[in-house]
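Notes for the one structure printed next.
The values are calculated or read from the model by the stated rules, or taken from the named source; none is laboratory data. On a predicted model such as this, the values are computed, not experimentally measured, just so you know. Note: ideal-geometry Cβ built from the backbone for every residue, glycine included; neighbour counts use all protein chains shown. To get the accessible areas, we keep the full protein, side chains included, count just its heavy atoms, and leave off ligands, DNA and RNA. Shrake-Rupley method; radii C 1.70, N 1.55, O 1.52, S 1.80 Å.
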2 protein chains.
Amino acid sequence: MAQIDNDKMVMFEERCRKAGLKVTHQRKAIYQTLIESKLHPSADQVYRQIKRSISTISLDTVNRTLQKFNELGLAFTVEGSGEARRYDGNMHDHQHFKCIKCRRIIDFHHGEFDDIDIPPAIAKIYKILRKTVYFEGICDKCK
Amino acid sequence: MAQIDNDKMVMFEERCRKAGLKVTHQRKAIYQTLIESKLHPSADQVYRQIKRSISTISLDTVNRTLQKFNELGLAFTVEGSGEARRYDGNMHDHQHFKCIKCRRIIDFHHGEFDDIDIPPAIAKIYKILRKTVYFEGICDKCK
DNA sequence: CTCTGTGCAAACACTTTGCAGCTAA
DNA sequence: TTAGCTGCAAAGTGTTTGCACAGAG
């Protein structure tokens, strides 16, 4: 383990204990691997990486652990929901709010979000095709 | 078909012809169903709905068609990528750019996006837990 | 008539679940 | 010691693919 990550690992262990989670060597390895990666890895990618040092680890453990981290706020999901793709046929400017409990996706419209500026540093490097402002939380019915 | 949607259907047929796509009754039904729904349906939900009137339609057709619409800009994906979930362990404020070609997700940070305001009308109804600004496009390597 | 689109079935990829044995606290 | 965790295997869910037939242009 790189020295530079010591602080983060200590913090991680504290967070686990506070949440009543046991600090297993698998969990440490998964957390370590995740924060060292800049590639926004999938569970499978994390699994392959760890398998080099802990050959007995299973993909399920990685899956379950990453989802646990997500719940605890130690990590989060940036892509894919594990659920089916969902489509929107409304091509007018609008934004989405998703309830993490009932999974409803609700449209709303706030004019200021329609034309958020692309930072010049980004526009210079990438060709932006779509800009999204997206909120997640608990809806009125689930509160 | 509701009268109110006639304009959209005509536009839809034109868009298809321009793109060299045949205007089949399945495609019309799928488009119709999608724009009538406010629920951001999955392919399966669209399929079940259409099956009532076109009992021979297959889920594959719905899947393929919705993805085609997505390519053409007649609809878009609001949730789920069809790919595996991907995680991020970086809990500092930052935003993501995703290349739709190579699927890379790249972090960037633009301070103004850290504190975008939640519209009061939204904050009143929902409990917001996460705010995201997200760009999609073509990265430097794929251009 | 031709060539794209469709329906079907099988393959595939990812995630979830149940359970017995293991291990951190 | 014991409650929670892990590894395994099987099942579940969603998506993709190859192919023969159907139907739009």
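If the label for A:Gly82 sits 7 angstrom from Cα along the Cα-to-Cβ line, what are its distances to the same label in every other copy, in nm to one decimal, shortest first?
2.2
Counting only the heavy atoms of the protein chains, how much of A:Ser55 is accessible to a 1.4 Å probe, in Å² to the nearest 10?
Result for A:Ser55: roughly 80 Å² accessible.
Rounded to whole Å and sorted largest first, what semi-axes of the equivalent ellipsoid does the C-alpha gyration tensor of segment A:94-139 yield via the square root of 5 times each eigenvalue? Before the final figure, lay out the partial values.
Numbers: eigenvalues 141, 27, 12 Å².
So the equivalent ellipsoid measures 27, 12, 8 Å along its semi-axes.
Mind checking the angle between helix B:25-36 and chain B's longest principal axis? C-alpha axes, 0 to 90 degrees, to the nearest 10.
Taking Cα atoms only, the helix is inclined about 50 degrees.
Between A:Lys131 and A:Asp7, take the C-beta separation as r, use R0 = 45 Å, and let me know the FRET efficiency to the nearest 0.05. Let's see the in-between values first.
Numbers: r = 35 Å, r/R0 = 0.78.
Result of the calculation: an efficiency of 0.80.
Answer rounded, prolate or oblate for segment A:1-78, using the Cα gyration tensor with square roots of eigenvalues a ≥ b ≥ c: rounded when a/c is under 1.5, else prolate when a/b is larger than b/c, else oblate.
Details: a/c = 1.34, a/b = 1.21, b/c = 1.10.
In terms of gyration-tensor shape, rounded.
List the aspartates and glutamates whose alpha-carbon lies under 19 Å from that of B:Lys101, not counting same-chain residues fewer than 8 positions away?
A:Glu79, B:Glu71, B:Glu79, B:Glu83, B:Glu136, B:Asp140
What are the distances, in nm and sorted shortest first, from the label point of B:Glu112 to the label points of the same position in each other copy, with each label point placed 7 Å from Cα along the Cα-to-Cβ direction?
So the label point of B:Glu112 gives 1.2 nm to the other copies.
Can you tell me the Rg and Dmax of chain B, counting just the alpha carbons, in angstroms?
Cα-based Rg and Dmax for chain B come out at 18.9, 52 Å.
Name the trypsin sites (Lys or Arg not before Pro) in segment B:4-51 that are in a loop by DSSP and that have at most 14 other C-beta atoms within 10 Å, would you? If you can, show how the numbers build up before the last one.
Numbers: sites: B:Lys8, B:Arg15, B:Arg17, B:Lys18, B:Lys22, B:Arg27, B:Lys28, B:Lys38, B:Arg48, B:Lys51; in loops: B:Lys22, B:Lys38.
Loop-located and lightly packed - B:Lys22, B:Lys38.
For chain B, what is the accessible area per residue in Å² when the probe is 1.4 Å? Intermediate results must be reported in sequence, preceding the final value.
On the way: 8220 Å² over 143 residues.
For chain B, the solvent-accessible area averages 57 Å² per residue.
Order B:Thr24, B:Thr33, B:Thr56 by their accessible area, 1.4 angstrom probe, all chains in place, largest first.
Details: B:Thr24 45, B:Thr33 25, B:Thr56 120 Å².
Final ranking, largest accessible area leading: B:Thr56, B:Thr24, B:Thr33.
So how much accessible surface do A and B hide from each other in total, probe 1.4 Å, in square angstrom to the nearest 100? Write down the numbers at each step before the final one.
Numbers: alone 11310 and 11300 Å², together 16450 Å².
Chain pair A/B: roughly 6200 Å² of buried accessible area.
Mean residue ellipticity at 222 nm from the helices of chain A, using -39,500 (n - 2.57) per DSSP H segment of n ≥ 4 over the full residue count, to the nearest 500 deg cm²/dmol? Working shown, then result.
Values: 6 runs with 58 residues, N = 143.
That calculation yields -12000 deg cm²/dmol at 222 nm.
I'd like the orientation of helix A:6-18 relative to chain A: the angle between its Cα long axis and the longest Cα principal axis, in ° from 0 to 90, rounded to 10.
Roughly 80 degrees between the two axes.
Using only Cα atoms and rounding to the nearest 10 degrees, what angle (0 to 90) does helix B:59-72 make with the longest principal axis of chain B?
Result, in degrees: 60.
Past 23 Å, Cα to Cα, is the threshold; run A:Lys8/A:Lys143; A:Lys98/B:Lys98; A:Lys127/B:Lys8 against it and keep the listed order.
Working: A:Lys8/A:Lys143 33 Å; A:Lys98/B:Lys98 20 Å; A:Lys127/B:Lys8 29 Å.
Exceeds cut-off: A:Lys8/A:Lys143; A:Lys127/B:Lys8.
Per the 1.4 Å probe, what fraction of the accessible area of chain A, in percent, lies on carbon and sulfur atoms?
Working: 4030 of 8230 Å².
Answer for chain A: carbon and sulfur cover 49 percent of the accessible area.
Check each of the GluC sites (Glu not before Pro) in segment B:59-143 and keep only those in coil by DSSP with at most 14 other C-beta atoms within 10 angstrom; list them in order. Don't jump to the answer; show the numbers that get you there.
Values: sites: B:Glu71, B:Glu79, B:Glu83, B:Glu112, B:Glu136; in loops: B:Glu83.
Qualifying residues, ordered by number: B:Glu83.
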